[in-house]
Amino acid sequence: MIEQLKLFIKVRYTLIYVQTNEEFRFLKQMDVMLSELNFKSRIFNFAKDDPQKFLDSISNESQNTVFVLQDFHRFLSDNSAMGLKFIRTLRNFKEEFKNQNKIIIVTAPVIKLSDDIKDDFIVIESPLPKQDEIRKEIDGFLSRNNLGANLTDTLKERIVLSCLGLTIDQINKIMAKTLVKNKKLDQECLNQIVEEKKLIIGRNQVLDFYDARENMNNIGGLDNLKQWLRLRSKAYSKEAVEYGLPQPKGLLMLGVQGTGKSLTAKAVSSFWRLPLLRFDIGRVFGSLVGESENRIREAIRTAEAISPCILWIDEIDKAFAGMQGQSGDSGTSARVFGTFITWMQEKDKPVFIVATANDVSKLPAELLRKGRFDEIFFVDLPNRREREEIFKIHLSKVGRIPADYDLAELVSASEKYTGAEIEQVIKDAMYIAFADNERDFDKEDILRAISETVPLAETMKENITMLREWSQTRARKASFTEEEVSLTKQVKQDLDIVY
């Protein structure tokens, strides 16, 4: 950004607006750049200076000067007589200084410009610190405090990567808190970073921070999807960047309700050791003009600030339903959707999108275009082997030993049942047994619960058939077939005996 600003100053852009949450950091970088150009700077601070007197003095100032107006956006979005006078003054300066090396820079944490002057400004955003700057700051902190001997290179790189999305001030405070609590910098620093990022997310209106409590061992089956995720588990590491590995964009999971799509989204977070943000697109839409567009942009900025992270969009088919027809809201939905998919296509920050959908007919065609997602997976009803895994997982979760139950019979009786339905029949079996003298539940109780349940595969038979037909040539199966599982095992056996 500083190089961009340097170019604008050289070509004499008179009015520049810099959006930054790190004013001190920006001014420090700007001073270094101005010394290279033989420019000086004058700073307006509303707590110390009178705005009218400051503006009056600019005309008499020598050339090769940059005037930094801190928080002056409050005047540039004010329609009172004073605000309009300041706006007119700056517009006059643009004409007056066009052949002079006098540059006016407004710094503010948000962009607020009246329609009267917004086209006169060039607007740039000051980015948050990148890895090299963060690494340099951490090295400086370690040196100043005589630390670092116990900090391995691997842990330091994890801290650097985790600090992406934080300001320099936040990074220093996190290290200081860890040092005060533990008398050293260690693994606890990563927990402090997560807590800091939770606070950032808490200020956002459409994003929620989720603690990663699920893991891949809680998911029965979906081995093809798990393998795909495993291959990309180190894609955001320093080694991957040095290797030149392209960052994964995201995946879309289509399929039957209750088959583990949302569970997988949560598990990816703990598997990849990245924070999980849930994006509630329904909360994007506001009542004020322009509010929805601002919210989607703010959500994107926040996700990028927290990156690397997982951005989870549950039931994206409902979120963007109707995009293929008339939305009836003066085009707000279309603009929000357009902003989002453009970002999906062009994003260069490490934000991995995990989206789930149940009804493919409601998905806009633009969302399925190549480049939006790395892969589209179809999640079908679990097969025999997967249902056995699911029974084992949920029996273990309630403190029972799976081997004490006739899993083969339970698997046969639960054909066409989803993972969510299997979890529920175990809960129902527990209620049945508890009501009967508080005894422990057994296989018969589970079979009774199964017999009393009408699976989704029956009530939504036509929809599931349609989904399967659609996915034949358009999506990748999340599960291996029985034949593929056997072949994988055979290949592994063959490889094991080669020496």
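The values are calculated or read from the model by the stated rules, or taken from the named source; none is laboratory data. Treat the numbers as computed from the prediction; the structure is a model and nothing was measured. Using ideal geometry, Cβ is built from the backbone for each residue, glycine included, and neighbour counts are taken over all protein chains shown. For accessibility, only protein heavy atoms count, side chains too; no ligands or nucleic acids. Shrake-Rupley method; radii C 1.70, N 1.55, O 1.52, S 1.80 Å.
Rounded, prolate or oblate: which one fits the range 177-230, using the alpha carbon gyration tensor with axes a ≥ b ≥ c (rounded when a/c is under 1.5, else prolate when a/b beats b/c, else oblate)? Oblate shape, in that a/c is at least 1.5 and b/c is the bigger or equal ratio. Between LEU151, ILE122, ILE171, the Cα set farthest toward the positive side of the dipole of the range 88-192 (charges on each charged residue's Cβ, about the Cα centre) is that of LEU151. Taking 0.36 nm per residue of sequence separation and removing the Cα-Cα distance, the LYS94/ASN191 pair yields an extension gain of 30.0 nm.
What number, in nm² with one decimal, is the all-direction average of the projected area of the convex hull of the alpha-carbon atoms of the chain?
In nm², the orientation-averaged hull projection of the chain is 32.8.
Approximating the spin labels as points 7 Å out from Cα along Cα→Cβ, the GLU346-to-ASP132 distance works out to 2.4 nm. Taking the protein heavy atoms of the chain in the context of the full set of protein chains, the accessible area attributed to carbon and sulfur is 49 percent at 1.4 Å.
With 0.36 nm allotted per residue and the present C-alpha distance subtracted, the LEU245-ARG474 stretch has 79.9 nm of extension available.
Which FRET efficiency value, to the nearest 0.05, is calculated for ARG283 and LYS28 with the Förster distance at 45 angstrom and r the Cβ-Cβ distance? The formula returns an efficiency of 0.75 here.
Solvent-accessible area per residue for the chain at a 1.4 Å probe radius, Å²?
Accessible area per residue: 52 Å².
Dividing the summed helix terms, -39500 (n - 2.57) for each DSSP H run of n ≥ 4, by the number of residues in the chain produces a 222 nm estimate of -15000 deg cm²/dmol to the nearest 500. On the principal axes of its alpha-carbon atoms, the range 307-425 has extents of 59, 33, 24 Å, going from largest to smallest. With Cα atoms defining each centre, the range 427-481 and the range 155-234 are spaced 35 Å apart in the structure.
Entry for the range 6-110 at q = 0.12, 0.17, 0.20, 0.25 Å⁻¹: log10 I(q)/I(0) = -0.37, -0.78, -1.10, -1.67, Debye formula applied to identical alpha-carbon scatterers, no solvent contribution.
Shape class of the range 1-56 from the alpha-carbon gyration tensor: prolate, with a/c at 1.5 or above and a/b greater than b/c.
Using only Cα positions of the range 132-241, each an equal point scatterer, no hydration layer, compute I(q)/I(0) via Debye at q = 0.15 Å⁻¹ and quote the log10 values to two decimals. Listed by q, the Debye log ratios stand at -0.79.
FRET efficiency for the pair ARG213 and ASN64, taken as 1/(1 + (r/R0)^6) with r the Cβ-Cβ distance and R0 = 41 Å, rounds to 0.10. Peptides 32-38, 216-222, 8-14, 333-339 ordered by packing proxy, namely the average of other Cβ atoms within 10 Å per residue, highest first: 216-222, 333-339, 8-14, 32-38.
Per residue, the convex hull spanned by the Cα atoms of the range 140-194 measures out at 73 cubic angstrom.
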